[in-house]
Each structure stands twice: as structure tokens, then as C-alpha cells.
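> Got a structure for you, questions after.
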Amino acid sequence: MVIHIRRGVLGILHNTRALRYTLNLTTTSFKPNFPPNSNSNTVNGNLDEALLEMSIGGFTVKFHFYDSVLTECVNNKALNHGKRVHTHMIKTCYRPSVYLGTRLLIFYTKCDCLGDARLLFERMPERNVVSWTAMISAYSRRGHSSEALSLFVKMLGADFQPNEFTFATVLTCCNGNFGFDHGKQIHSLLVKTHFKSHIFVSSSLLDMYAKAGKIHDARQVFDGMKDRDIVSCTAIIAGYAQLGLDEEALKLFRQLQKEGMRPNYVTFTTVLMALSGLAALEYGEQVHGQVIRTELGFYLVMHNSLIDMYSKCGSLEYARRVFDRMPEKSVISWNAMLVGYGKHGLGKEVVKLFEKMRQGEIMPDSVTYLAVLSGCSHGGMVSEGLDYFDSMVKSREIEPDIEHYGCVVDLLGRGGSPEKAFDFIQQMPFKPTSALWGSLLGACRVHSNVEIGEIAARKLFEIEPQNAGNYVILSNIYAASGRWEDMITVRKSMKENTVKKEPGKSFIKINRTLHTFYAWDKCHPNKDEIYEMLGKLYVKIKEVGYVPDLSCVLHDVDDEQKERLLMGHSEKLAITFGLIRTPHGMPIQIVKNLRICADCHNTMKYITKVYGREISLRDSNRFHRVVDGVCSCGDYW
Ligand code: ZN
Ligand code: ZN
């Protein structure tokens, strides 16, 4: 069950950027060439009187008056006052200049009156680039991207040359289905102008590419930028992190810091996200230290990322410390902490924290329930989990979705009742997904239920015929009950149907260097030392009872070769390297991109016994914390 709590980071980026454009639109580009005027308190004073008095003034007087009042109305979002000024203009037959007309337009957009603004815009006898940009920017800020883009096209059609603000604004609208194509066209348009190197324009361009997942194009823009600011630096780091290129994100963050970048809270949030991906605790602590030293103040989203980072890096204690010290929490903070406990198999903590949450003011949401249910499941608290699901259904505050039902299937399967889980699947109001059948199949492996295992596997072969994992589990179930012929048939059909899966790799971080291992890795500089140690390790664990689980090998080779293949799995290499390079007694922390196989899981248990080490391994599904031969997952993953 994958629970996403990474949301919102790019949202902040976008808002920061939008804010910056807004500021520039109002302070720089709209500054008129008139002497400063004195009556800036007009709105606060008596507007009626002022308007009456002003009717007798000349044209220049009127201009200064309107300008000053409108400025106040924009600053205070004083809708009624501004409307009266507008009415006054109409009543006294005053024809505002293009500058003043645009001020009025901005006033309407600032007061969220997009319809009025557009009407005014359409009726303006004369427009300039600022009026066009203000209207486009108003649409863009409120997320009406297609409206903004079509207005931009009209602007070009009317022979107006966009300026740097127009380009920067319109590029932020290039998202969604066709956004990227528009963005590329705008990019080629930009090449012909001198705005390309303007910092706002290039950071919008970079952001556009990054959000579209075109990280190489984004990087090219970034590398070509003459000036960079924290927004553009953060955007490129976030671009890498969003694509899961955590190593690159972190590398760039460090490099930019060396070059003098001063991170803000969005940068920190982004880099913490990348660190969670890498489970790089030591560096995570350093970044946390920097956050404290920078004295940024309290930012909820950054603290939520800290909780997430610490729990994903295996330090629940620190995660909880951050959580407890937050002066203010959101439902995301609670969810992050609950997910953290759940992934570590600490069902009791999940329940305790959830009960505490229910006593407070923050209401659980759908993710909370997901975290609680899967936490109960991972922590083996079957009856508690089922009770929570019941109360969720009864309270009707949050409609359970397919993922909640999936957790229940997991709970029942884990509770030793694949039959009940199967009944539940048949009665639920959703069409079962592959994840659900997969969970049932896993339960059948653990509880050696051939009958239901076959049903689940058959469903899975229909839905995802190319996923080798399902064939392997079914063949394991057959093997466990001695049905060798069926096992051979399943293996055969696996060979005919499946495609090559993503290669497994494991990471370990030692002295600030991240080491990546593939199966039978030949590239690591210390490979000789590692394989020598691995050989010794095998002898030692076999002495205390380890037997290789040959059913984990998919290839049709003899047993000796199967054992050899197993021995070189990436996580074993990473653990061995950890044993060599970390001081005796220190825990070893590994991250694996796929699910750990049964043999490696078993090997880990023996290693912790023989070497007296604790091993934490985070695979694509959950945390395994192995101490003295026992894993926190209870051998169910
Ligand atoms: Zn393995
Ligand atoms: Zn485990």
C-alpha cells in the first residue's frame, strides 16, 4: 500500500513565484512617470466628500485623485470604494487614460472580480502590454490556464509585443495535457527576443520543463541562466526530486550551497523529500541542523517533511520529537507520523497516536484511515484494524475507497483467514484491483492456502500477465505443498508471458557516500573485498542453520547455480559492505528499490544473529527492522 504524503511542494513553488510576479507587476512595471501625490489616505477618509470636492477640479487633478484612490483600493482590496470611483468616472464622463484604465483593471483582478475585469478589458478603447499582461496574469493566478493562453494568442494576433512579465506569466500556465506543447512554442518564440535570459522568464521556463518531467531541458535552461535566485535553484532541485532522481537532487543542492545559495523553507522541504527517498539519515540530520541555524521560523510544510524524512530514514524517535515540538499541526503532520509508525510495524504506536488524534481538534481524513488500517495490518493488530474499519463505515464521515478495502483484505489475510479475505473481496462494492489480489495471494503463501491462492493468481494473470512476481508466488505455494508438476507448469507459463523486470538495486550510505549495488555487481571498487567477506559470511550463517531458499530463483538452472545467483542479490552485497565498513555494533541501513525476496529476508535474520548487528532495510513496500534474528514485519510483507 503506497501512501503519498509528498503532496504540495510544487504548489508552494508556484505560489511563491506567483507572488513574486504580482509584486513586480504592481511595483515595477506599473510605476507611472508622475510626481508622487499627497492624498494617499483618501480611502480611509470620507470618500463621498472627496468625490464631491473633486468634481470641480480640472483634468490633472482628477488623474492624480483617481490614481491615488485606486492605489489604495488595490492595496486594501477595497471593492466597494473602487467600484464607486469607477462609477464616478462614468458619471462625470471622465475618459481614463490607458494607464488609469489599467489601474482599474488591476483593481478588479485584485478584488477577484475576473468577470468585471474582463468586461472592462474588452471595452478599453486602448490597451498596452501592461493591460494585456495584467489580464493574462489574473487568469493564470486563479488557475484558468487555457483562458490565459488564449488571451496570450490574441495579444500576439493584435501585434502586441509581450514583455518579460507576460512571458513569465504565460509560461506558468503551460501545464496539463497540452501545456507542454504550448510551452515549447512559447520557448521558440522567446528565442527570438531578448527576454530569454531574464531571470523571471528563464525560471518560469525551467519550471515548465521540470513540471513536464523534461529534466534535461530544465537543466539546460538552468545552466544557461546568467542570474539565478533561490526560486530557480529550488525549482530545478524539485524537478529532480519529483522524478525520484533523489541522488541528483541532493548533489545539486550541495553544489549550489557551495556556490553560495541560501536555501529558503521551500528549498529545505524539497531537499528533505529527496533525502527521504535516499534514506540518508546522517545527511538529513545535517540539513535539519541547517534549518535550525537558518532561523527560518515555523513552516508547517517543512516540519511535515522533517517528520517524513526522519521516519523514512528509520529514525522514528527524531520524527516524533519534531512532531511533538510543532507549535501547530495539520492533518498531514499526523498522517506522516502515523504512516511512519505503520511502516515500521509499530501497530500499538499507530493505535495510541490515532486515539490521541481523535481527542484533538484535527479531523482524520481518508489518508489517516489508510495509515491507521495499514499500520494495524503491518503491526499485526488485526482486530483493532477491523474495528477501525467498522467505525469508519458506520460514521459515514469518510467514504472508504478501494485502498481502505485493500487494507482490510490485508488484515484478514494476515489474521490467518485467506477464506474470509476472499469472501470480503467478493462482497465489496468495488472491482478488485491487482493490488488486492496480490495481497490475497501473499496471504495464501504465508498460510499455505493452495485453493484460494490459485484463484487469486488466475485473476492476477488476467490483469497483469507480465508481472513475474505473481508466477513466483504461486509456484512457491505449489512447492510448499509438494505439487511439483503444477509448479513446473507455472514456471513455464511465466517464461512465455513475462517481461524483464526492473533490475533490483540496493543502497547503503557510508561516510557521506552513497554506494549502489546491483546483483553480482562487478563495478564496485571494493568488489574483491566484498565477495571474500560474503563467502565467509555464508559459511558462518550456514553453520547456525541457514538454508538457501532456492524457490526464490526464477531461472531454470541447477541448484548449485541457484544458490550462487541468490548469494549475489544486491541487498546481500550492500549488507556485506556495511559489515566491512561500519564499526562493530553499529546498525546497518539499506534501501532496496524492489521488494526484498524471501531468501534475502531470511539471510538478514541470520546475519543479525551471527554478527550481533541490527539491520534496517527499507524495501519498496515497508520497513524491515531485524534484531537478533527477528524482523519487525513478522515475516509478512
Ligand atoms: Zn534476495
Ligand atoms: Zn521483514
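The values are calculated or read from the model by the stated rules, or taken from the named source; none is laboratory data. For clarity, every value in this text was computed on a predicted model and none was experimentally measured. Here Cβ is always computed from backbone atoms with ideal geometry, including for glycine, and neighbour counts include all displayed protein chains. The area values use the complete protein model at the heavy-atom level, side chains included, leaving out ligands, DNA and RNA. Shrake-Rupley method; radii C 1.70, N 1.55, O 1.52, S 1.80 Å.
> From the phi angles alone, apply the Karplus equation (6.51, -1.76, 1.60; θ = phi - 60°) to the range 525-532 and give each ³J(HN,Hα) in whole Hz, x where the residue is Gly or Pro.
Residue by residue, the range 525-532 yields x, 9, 4, 4, 4, 5, 5, 5 Hz.
> Sorted by packing (mean other beta-carbon atoms within 10 Å per residue), highest first, where do 519-527, 204-212 land?
Ranked from most to least packed, the peptides come out as 204-212, 519-527.
> Measure off 7 Å from each Cα along the Cα-to-Cβ vector at Lys536 and Ile292, then give the distance between these two points in nanometres to one decimal.
3.9
> Given Cβ point charges of +1 (Lys, Arg) and -1 (Asp, Glu) and nothing else, what value in debye, to the nearest 20, does the dipole of the range 290-366 about its Cα centre take?
220
> Right, next: Alpha carbons only, please: Rg and Dmax for the range 157-283, in angstrom.
Every Cα atom of the range 157-283 included, Rg and Dmax give 15.3, 57 Å.
> Please give the net charge around Asn175, taking every other residue with its beta carbon less than 11 angstrom from that of Asn175, where Lys and Arg add +1 and Asp and Glu add -1.
Overall, the nearby charge balance is 0.
> Equivalent ellipsoid semi-axes for the range 507-631, as square roots of 5 times the alpha carbon gyration tensor eigenvalues: give them largest first, rounded to whole Å.
Calculated on Cα positions only, the semi-axes equal 20, 17, 15 Å.
> Moving to a separate point now. Using modelled amide H (1.01 Å from N, peptide plane; none on Pro or chain starts), what sits under 5 Å from the amide H of Ile588, excluding residues fewer than 5 places away?
Under 5 Å from the amide H of Ile588 lie the amide H atoms of Glu614, Ile615, Ser616, each far enough along the sequence or on another chain.
> If you don't mind, there's one more thing I want to ask. Suppose a student asked you for the relative contact order of the chain, using Cα pairs under 8 Å spaced at least 6 residues apart; what percent would you report?
Numbers: 865 pairs, mean separation 44.3, N = 637.
Once normalised by length, the contact order is 7 percent.
> Compute the helix-to-body angle for 265-278: its Cα long axis versus the longest principal axis of the chain, expressed 0 to 90° and rounded to tens.
With rounding to tens, the tilt is 20 degrees.
> In whole angstrom, and with the biggest value first, how far do the Cα coordinates of the chain range along each principal axis?
103, 57, 49
> Rounded to whole Å, give me the distance from the Cα center of the range 562-617 to that of the range 329-364.
When both Cα centres are located, 30 Å separates them.
> Also, quick follow-up: Taking Lys83 as the anchor, which lysines have their alpha carbon closer than 17 Å to its alpha carbon, excluding any fewer than eight residues away along the same chain?
Cα-Cα hits under 17 Å: Lys62, Lys91, Lys110.
> Next up: Net charge around Glu248, counting only other residues with Cβ within less than 13 Å of its Cβ (Lys, Arg = +1; Asp, Glu = -1)?
My count for the surroundings of Glu248 gives +1.
> Here's another thing I want to ask about it. Dipole magnitude of the chain about its Cα centre, charges +1 at Lys/Arg Cβ and -1 at Asp/Glu Cβ only, in debye to the nearest 20?
Here the chain has a charge dipole of around 1360 debye.
> Tally Lys and Arg at +1 and Asp and Glu at -1 over the other residues with C-beta under 12 Å from the C-beta of Glu72: what net charge comes out?
Residues near Glu72 contribute +2 overall.
> Kindly write out, for the range 438-448 in residue order, the coupling ³J(HN,Hα) from the Karplus curve 6.51 cos²θ - 1.76 cosθ + 1.60 (θ = phi - 60°), rounded to whole Hz, with x marking Gly and Pro.
Whole-Hz 3J(HN,Hα) from phi for the range 438-448: x, 5, 5, 4, x, 5, 5, 5, 5, 9, 6.
> Here's another thing I want to ask about it. Per-residue ellipticity at 222 nm for the chain, helices alone: DSSP H runs ≥ 4 residues times -39500 (n - 2.57), over residue total, nearest 500 deg cm²/dmol?
-20500 deg cm²/dmol
> From the convex hull of the Cα coordinates of the range 392-431, what is the mean projected area in square nanometres?
2.8
> Quick check on my link table: of Lys214/Lys572; Lys184/Lys431; Lys348/Lys605; Lys214/Lys505; Lys352/Lys459; Lys356/Lys505, which ones sit more than 30 Å apart, alpha carbon to alpha carbon?
The answer is Lys214/Lys572; Lys184/Lys431; Lys352/Lys459; Lys356/Lys505.
> Taking every eigenvalue of the Cα gyration tensor of the range 401-496, multiplying by 5 and rooting it, what semi-axes result, largest first, whole Å?
Output for the range 401-496: semi-axes of 23, 15, 9 Å.
> Could you tell me the relative contact order of the range 507-631? Use alpha-carbon pairs under 8 Å, at least six residues apart, and round to a whole percent.
26
> Tell me, what HN-Hα J-couplings in whole Hz come from the Karplus equation 6.51 cos²θ - 1.76 cosθ + 1.60 at θ = phi - 60° for each residue of the range 579-589, using x for Gly and Pro?
The phi angles translate into 4, 6, 9, 10, x, 4, x, 6, x, 10, 10 Hz.
> How large is the translational diffusion coefficient of the range 105-174 in µm² per second when you combine the Kirkwood radius over alpha carbon pairs with Stokes-Einstein at 20 °C and 1.002 mPa s?
Estimated via Stokes-Einstein, D reaches 182 µm²/s.
> Roughly speaking, to the nearest percent, how much of the range 401-496's 1.4 Å accessible area is carbon and sulfur?
51
> Give the peptides 408-418, 192-202, 237-247 in descending order of average Cβ contacts within 10 Å, highest first.
Per-residue mean Cβ counts within 10 Å order the peptides as 408-418, 237-247, 192-202.
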